[in-house]
Every structure is written in C-alpha cells, then in structure tokens.
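To start, the structure under review is shown below, and the notes come after it.
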Amino acid sequence: MDEISNEPKRRIYLWTAPRSLATVFTKCMSFVEGVQIIKESITTAHVVGPEGTAAQNGDFQKAFPVGDEANPSIPEPKAAKLDLAFDTSKASFQWVKEMLESPFPGKSFVFAHDQAFSLRSNYGNLPRVFRHTFLIRNPYRLFPSWKTAIVKLMPLFIDKPFADMPEILVPAKFGYGELYDLMVHVKEKLGQSPIVIDADDLQANPASVLRQYCHLLGVEFKESMLQWEAGDKIVDTWIASKTILKGNKMEEGGGFYEDAFKSTEFHPPNLVNRLILISCQ
C-alpha cells in the first residue's frame, strides 16, 4: 500500500447504471486502508443540485421532496457532524468537479461512484486525474430491480413502461447507452483502457475479481475486503450529499440502499428467469 501523503496517489471512479450492486461494491471498497469514499456527487448535481432536473418534474417533487430541509422527520446524517455530508444547494457540476479534484489530506486513495447518465454526456464535468472503471449488470437482473425501486418511490408508475417514465427516473438510453458512451470517451479521448467488472462475476467469484481489480489499479487486496459488518455505520466516513445520505433513512420505500447495507459479503447470483422482464414492460 502506498504511504499516506497529503495528496492521494490513486483516484478511481466507478461508473454504473442504476441497480448494479454499486453500493455494496462501494461498501466493500470502504475497508481499503487510507481510502476516501465519495458517493454519487455528480448524481446529486444532476438530480437535486442547483442545475438539477428534480424541480422540473412535479411527480418526483411530490414523492421525494429535495433539498437539505426536506423530510425533516429523517434524522440529520451523522456524517454531517464530520463535515463529510455536503449541502445539496451548493452541488453544482463545477463545485462537485472541484471537490473531486481536491487534495484530501491524509488519504492515499480516493474511490468515487456515480451513475454515468448523470454526466448528461457533458464530459467536461469529468474530474481530472481519475482512473475510470465500470460495473455492468445483466439487464434481466437490473431492470426488475430498477422498476421495484421506482415503484417504491412513486407507486403511480407501477403500470408505466420504462419508455414512458420521466427522464429523471429513466434516462433516454436506459442507463446502458450512457454507460457505453462514457466508456468510449474514456478509451478514445482519455486514452485509458476501460476496466469492466460484470456484477455476476463479482458475486460468483468475489476474491478473484477483486484481486484482479485491485492489481490493475495498484491497490492492495486484502481478504478482509470479502466480508464486513451489516449496517450503515461505514457511511459515516463517506463524502456524500445530505440528500443521498437521507435517502436511505426514508421510511417509505425502505431506503434506497437497504439491501446493500444489510449485506455482509457478496452472494452468488441466483439463476435469472428471463420472463421476469415482462414486469418491466
């Protein structure tokens, strides 16, 4: 492991479509020595920041009031006491970019995660000096999970096909197209060879996949990364918006990241029943 200095020697970005096991993967990476986790900061800018799209959608506003004063019954995130939870009101794309590029004294490794569609194809919003990696998931697993999450948040969409949902919930290229476009940009414009993890492979062989991932990125792999305590205590060390952190405390819908925080390890994937996709149409 690199010696801790005033400037992280490695900055890694994980890009996904929604519901791709990214939060449980992020929880796993939280136990790498010297790491600073940054969770969905660009997604915050895209959805609820000053340039966000939430204000343009009345149904979303009713179901999920945004802003740091919204949902007053939900306790303030503990991370806010550590100055790690940032105010949604200042999360412009430029502010987030500068935050991601900041020094992070005492940290040797920065690990950030976001949804690729949140960039709005404006790759000028990409922070400098990051190594970009990608986590993909079988659509027969992803779309049913995504539909379930949307319906928990907004039951009025239970009978709507994905194509008819507002873009704040389902982007134009359904998450996969935006992820692919970013991968092409990373390869052709930034000159990086994309590192891609399939979520099924990660679940089936976590030790092998994580060992290879860490090796390619110059991060020390430890067996302790394969198991962790249940619960969201580790989130107190993450940098994220108050809205993102409060999202998991919402009683309605059970929290966006409930399953990830209940987890203690990666479990082998279940067999996919392709007929389940009918429920998403």
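Some values worked out for this structure:
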| read-out | value |
| --- | --- |
| Extension gain from S121 to T237, taking 0.36 nm per residue of separation minus the Cα-Cα distance | 38.8 nm |
| Extension gain, A204 back to Y180 (0.36 nm per residue minus Cα-Cα distance, nm) | 6.3 nm |
| Cα convex hull of region 193-245, projected area averaged across orientations, nm² | 5.3 |
| FRET efficiency for A230 and D87, using Cβ-Cβ distance with R0 set to 25 Å, rounded to 0.05 | 0.25 |
| At R0 = 22 Å, FRET efficiency that the Cβ-Cβ distance of S193 and Q94 yields, to 0.05 | 0.15 |
| Gain in span if fully extended, F221 to A172, counting 0.36 nm per residue against the direct Cα distance | 13.9 nm |
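Every read-out reported here was derived from the displayed coordinates using simple, explicitly stated rules and does not represent laboratory data. Computed from a prediction, not measured in an experiment: that's the story for all the values here. When we count neighbours, we look across all protein chains shown, and the Cβ atoms used for this are built from the backbone with ideal geometry, even at glycine.
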